[in-house]
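Read through the structure below, which is laid out as structure tokens, and then see the notes.
The values are calculated or read from the model by the stated rules, or taken from the named source; none is laboratory data. What you see is a predicted model, and the numbers here were worked out from it, not measured in a lab. Glycine also receives a Cβ, built like all others from the backbone with ideal geometry; neighbour counts cover every protein chain displayed. Just so you know, the surface numbers come from the protein's heavy atoms only, side chains and all, with ligands and any DNA or RNA stripped out. Shrake-Rupley method; radii C 1.70, N 1.55, O 1.52, S 1.80 Å.
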Amino acid sequence: MNSECVVEAEGVEKDYVLGSTRIRALSDVYLKVQRGEYLSIMGPSGSGKTTLFNVIGAIDKPTKGRIFVDDVDITKLDAFELAWLRCRKIGYIFQTFNLIPVLTAVENVALPAVFAERSQAEATKKATEMLELVGLKDRLNHKPSDLSGGQQQRVAIARALINDPDIVLADEPTGNLDLRTGQTIISLLKSMNERRSVTIITATHDLKMMGISDRILYLRDGKVEREETVADIELKVGATL
């Protein structure tokens, strides 16, 4: 794992206003993520996992604080600059897959490459390669309705990787999958992390993620409660045997 910092959060807070009520989703969060690291963000529902995921990924802006991606403060970027960042620097994997129903698997995967101004032929070629990489070379022309949940998540992973992003953000990537399929997706993400040196940040409830993560960050009530490495967890488990 490279020791270079690729994501940094400094004093991040995020408030949402519902009518006359202000809800604080994140409170004074500090975080550093190293290049090539596999970080899992865990915590109960409502702890702020998805909110932190969204501000790191430039999907939402923090109310206070700064987010750096490759030393660039993304809270100061304009809409055009944020669109460039989302397209080329960050890949997204969502719990609900977010595939376009009328497009085939290869068309869904190719779309971000087209947005990145590659030719249609080049985008299709790269999308085909990515789908083969995730084991779907026989499903290129199938639409989402013709694919299982696990296959749709593989398409989403291929789509997230097509522009060779530095960072992949995965929001509950196994949340809608059965146990066996979820394990397959976890193994695939870890393989991408190791083979392509992609930094992976995942928001998850899935305890199986702990075994493949380099580090686990625990959130509660919008605050960082604690963090642990896999070595820390193994030491604790060993001490109780």
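Within the group 48, 65, 19, 43, which residue is over 23 Å from residue 209 (Cβ atoms), in contact with an Asp or Glu (Cβ under 8 Å, 6 or more places away or on another chain) and not polar (S, T, N, Q)?
Details: 48 fails: over 23 Å from residue 209 (Cβ atoms); 19 fails: in contact with an Asp or Glu (Cβ under 8 Å, 6 or more places away or on another chain); 43 fails: over 23 Å from residue 209 (Cβ atoms).
None of the other options fit; the residue is 65.
May I ask you to list pairs of residues, at least six apart or on different chains, whose Cβ atoms are under 6 Å apart, with the first in the stretch 67-78 being surrounded by 13 or more Cβ atoms within 10 Å (Cβ to Cβ) and the second being of a type in the set (Ser, Thr, Tyr)? Within 6 Å, the pairs are 67/75.
Please note which helices (runs of 4 or more DSSP H) are completely contained in the stretch 111-228 and include at least 3 residues that are more than 17 Å from the chain's Cα centre (by Cα). Steps first, answer last, please.
Details: elements: 120-133, 149-161, 179-196.
Where helices (runs of 4 or more DSSP H) fall fully within the stretch 111-228 and carry at least 3 residues being more than 17 Å from the chain's Cα centre (by Cα), they are 120-133, 179-196.
Do we have residue 55 as free of Cβ contacts under 8 Å to residues at least 24 places away in the same chain and touching a helix residue (DSSP H, G or I) at 6+ places or on another chain (Cβ under 9 Å) here?
Working: free of Cβ contacts under 8 Å to residues at least 24 places away in the same chain: no; touching a helix residue (DSSP H, G or I) at 6+ places or on another chain (Cβ under 9 Å): yes.
For residue 55, the condition - free of Cβ contacts under 8 Å to residues at least 24 places away in the same chain and touching a helix residue (DSSP H, G or I) at 6+ places or on another chain (Cβ under 9 Å) - is not met.
Do we have any residue at all in the stretch 195-213 that's open to solvent by 30 Å² or more (accessible area, probe 1.4 Å), of a type outside the set (Lys, Arg) and touching a Leu at 6+ places or on another chain (Cβ under 9 Å)? Yes, the stretch 195-213 has at least one match.
Checking the condition at pLDDT 90 or above, over 21 Å from residue 38 (Cα atoms) and open to solvent by less than 20 Å² (accessible area, probe 1.4 Å), which residue from 127, 170 passes? Write out each step before concluding.
Values: 170 fails: over 21 Å from residue 38 (Cα atoms).
Just a single option satisfies the conditions, and that option is 127.
Identify, by number, the condition in (1) surrounded by fewer than 19 Cβ atoms within 10 Å (Cβ to Cβ); (2) small (Gly, Ala, Ser); (3) under 19 Å from residue 91 (Cα atoms) that residue 149 doesn't meet. All conditions pass for residue 149, except number (3). Inspect all residues belonging to the stretch 114-121 and state whether any of them is under 27 Å from residue 213 (Cα atoms) and at pLDDT 95 or above. No, because not a single residue in the stretch 114-121 is under 27 Å from residue 213 (Cα atoms) and at pLDDT 95 or above.
Taking residue 36 as the residue in question, decide whether it is open to solvent by less than 20 Å² (accessible area, probe 1.4 Å) and assigned to a loop (DSSP other than H, G, I, E, B). Don't jump to the end; show me each part of the working.
Values: open to solvent by less than 20 Å² (accessible area, probe 1.4 Å): yes; assigned to a loop (DSSP other than H, G, I, E, B): yes.
Against the criterion (open to solvent by less than 20 Å² (accessible area, probe 1.4 Å) and assigned to a loop (DSSP other than H, G, I, E, B)), residue 36 qualifies.
Residues in the stretch 79-101 that are open to solvent by less than 50 Å² (accessible area, probe 1.4 Å), touching a Leu at 6+ places or on another chain (Cβ under 8 Å) and not in a helix (DSSP H, G or I): 90, 91, 92, 93.
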